[in-house]
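The values are calculated or read from the model by the stated rules, or taken from the named source; none is laboratory data. Only a predicted model underlies this, so the values are computations on that prediction, with no experimental measurement involved. Heads up, the Cβs are rebuilt from the backbone with ideal geometry, glycines too, and the neighbour counts pull from every protein chain shown. Each accessible area value is taken on the protein alone, full model and side chains, heavy atoms only, with ligands, DNA and RNA left out. Shrake-Rupley method; radii C 1.70, N 1.55, O 1.52, S 1.80 Å.
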2 protein chains.
Amino acid sequence: MATGRTHRPATRSRGIPEATVARLPLYLRALTALSERSVPTVSSEELAAAAGVNSAKLRKDFSYLGSYGTRGVGYDVEYLVYQISRELGLTQDWPVVIVGIGNLGAALANYGGFASRGFRVAALIDADPAMAGKPVAGIAVQHTDQLEAIIRDNGVSIGVIATPAGAAQQVCDRLVAAGVTSILNFAPTVLTVPDGVDVRKVDLSIELQILAFHEQRKAGEETGPETGPSAPVAPTTAAAAAAAAAADRKGPDGDVPAVMPA
Amino acid sequence: MATGRTHRPATRSRGIPEATVARLPLYLRALTALSERSVPTVSSEELAAAAGVNSAKLRKDFSYLGSYGTRGVGYDVEYLVYQISRELGLTQDWPVVIVGIGNLGAALANYGGFASRGFRVAALIDADPAMAGKPVAGIAVQHTDQLEAIIRDNGVSIGVIATPAGAAQQVCDRLVAAGVTSILNFAPTVLTVPDGVDVRKVDLSIELQILAFHEQRKAGEETGPETGPSAPVAPTTAAAAAAAAAADRKGPDGDVPAVMPA
DNA sequence: GACTGTGAAATTCTTCACAGCA
DNA sequence: TGCTGTGAAGAATTTCACAGTC
């Protein structure tokens, strides 16, 4: 994912496997739900069911964090919430900026889960001058010109990119230059970043395509190969490709005005 | 993921690894961009760079599809676009319904990548009677009452859930009962589905938490353990947990009832 | 007796390195 | 010569199964 070097020093220091890290938020969510219901302890079996994984995997995952359970009893919910939160770095406050306030950016700004789990929306940034000053989710949108100042003034290290694909790399470069070292990318583009910067991407179109693959397979099993569940279309390859590429250029929000050549 | 049996009978030929399937959309996107620029052929090295993977992996991935390249030359762009599209089931038309037309649902409806890559938004569905009839992305929102009829009339097999977490399982059950067999879930909940139904989830909060984990580690490497990049907060564990759980219940869009101030 | 923690086996995924073909 | 296709090695992840502890 990163660049050049011998991959990343990555999951080395504490030795928590990446796959485990990716599941910790899942466990945390299930645990907070239990905590809310004042459930004092859970077994690996119960918690695993709530998190949608199997219990052996969960126990193995927790074993990387330490021995936080009690044999014959289970895990103390509150204690485990704390330990996982700490491990994930959620006991501190992470200021986040969202760049590109189209439909998606607005949805993200309004997303309750942001504000409450250690993340604070420090600023909303858009390239459209007409957006400047408008309140979205109670926060006034600021112009892209302010990007570097906002990052530095707020000590922002996490940036969310919800711009059209065409603007994403440029925005990314500016974020990184200003000091951001983690990026969540919603634009359908591969971002190039220097070593030491983490990028995670969320791509709606990709997820749907993966579903389509499995869906097609199901259909094929029932009715034989090459049979679709609905009106088969078979568009001209070139035309479809062009349309898809054009759509990508519009960005996650379609043609909604967002950040553009600043 | 699905059946209790020995998983898939692995119908001889088609043994494409899941990891490979997940990358095909990435290759497809890079290829469509090349196709648009009328580039006739690419080497594995070039295409891999464009897709953000390494070339050995790409060649291995393609080897599961067949031998579509030419030694000493590379891959024919158009041909590969077609082959991957076919493999992913994108040469047919997939009607999709989006349930939950809040900020996020509206963003999804407006997402250009949906419409152009084999997916067609067949309907937008919301539980709020006030939303019924309102046009979002050019499509009139329909009430949840119509869900089953819509699914059946349109032969929908893929559903997108963008409702609050509390409604997600119920919506999921109805979708599945009506015939949907693939679900893309944006609600921060684990969905339970019968065998044969695929669920993929997209969770903004989880992605951010994973970034925070790595971010924390970076900070720790520089300045020693337990040092934050910003104002450390250390909230009461129980309070934080309750707040987080409460936020989840509000759903991906927070508590905003409907479409943004368009 | 119940349930965790964990070596070891099994499986999946990635990378290497080179044979083989245009 | 240049680049694909792929066995084989290596790494990561998942699962098994059971010893250990409360």
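A few remarks follow.
- Listed by first and then second residue, the pairs with beta-carbon distance under 8 Å, at least 6 apart or on different chains, first residue in the range B:22-48 and in the same structural domain as B:Leu80 (by TED's automatic domain parsing), second assigned to a loop (DSSP other than H, G, I, E, B) and small (Gly, Ala, Ser), are B:Leu26/B:Gly52.
- Residue count for the range A:182-201, restricted to those that are at the interface with another protein chain (Cβ under 7 Å from one of its Cβ atoms), open to solvent by 10 Å² or more (accessible area, probe 1.4 Å) and free of Cβ contacts under 8 Å to residues at least 60 places away in the same chain: 2.
Table: residues versus (1) free of Cβ contacts under 8 Å to residues at least 60 places away in the same chain; (2) within 16 Å of DNA strand C (Cβ to nearest atom); (3) acidic (Asp, Glu); (4) buried (at least 16 other Cβ atoms within 10 Å of the Cβ).
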position	(1), (2), (3), (4)
A:Ile84	no, yes, no, yes
A:Asp93	yes, no, yes, yes
A:Gly100	no, no, no, yes
A:Gly105	no, no, no, yes
A:Phe119	yes, no, no, yes
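- Checking each residue in the range B:12-42 for being among the small types (Gly, Ala, Ser), surrounded by 15 or more Cβ atoms within 10 Å (Cβ to Cβ) and within 12 Å of DNA strand C (Cβ to nearest atom) picks out only B:Ala22.
- Qualifying positions in the range A:86-114 - farther than 23 Å from A:Leu204 by Cα and not basic (Lys, Arg): A:Glu87, A:Leu88, A:Gly89, A:Leu90, A:Thr91, A:Gln92, A:Asp93, A:Trp94, A:Pro95
- Residues that are surrounded by fewer than 24 Cβ atoms within 10 Å (Cβ to Cβ) and outside any loop (DSSP other than H, G, I, E, B) within the range A:166-181 comprise A:Gly166, A:Ala167, A:Gln169, A:Gln170, A:Asp173, A:Arg174, A:Val176, A:Ala177, A:Ala178, listed in sequence order.
- Number of positions in the range B:128-152 that are under 18 Å from B:Ala107 (Cβ atoms) and outside any strand (DSSP E or B): 5
- Of all residues making up the range B:43-62, the number that are near DNA strand C (Cβ under 9 Å from one of its atoms) and open to solvent by 40 Å² or more (accessible area, probe 1.4 Å): 5
- Checking each residue in the range A:19-33 for being at the interface with chain B (Cβ under 9 Å from one of its Cβ atoms) and either aliphatic (A, V, I, L, M) or over 25 Å from the mean Cα position of the chain (by Cα) (or both) picks out A:Val21, A:Ala22, A:Leu24, A:Leu26, A:Leu28, A:Ala30, A:Leu31, A:Ala33.
- Scanning the range A:104-116 for residues that are at pLDDT 90 or above and within 7 Å of chain B (Cβ to nearest Cβ) turns up A:Leu104, A:Ala106, A:Ala107, A:Leu108, A:Asn110.
- The set of residues in the range B:60-86 being in contact with a helix residue (DSSP H, G or I) (Cβ under 6 Å, 6 or more places away or on another chain), within 9 Å of DNA strand D (Cβ to nearest atom) and aromatic (Phe, Trp, Tyr) consists of B:Tyr64, B:Tyr68.
- Within the range B:132-153, residues that are at pLDDT 95 or above sit with their Cβ atoms under 8 Å from residues that are outside any helix (DSSP H, G or I) and among the polar types (S, T, N, Q), at 6+ positions apart or across chains, in these pairs: B:Ala132/B:Gln142; B:Ile150/B:Gln142.
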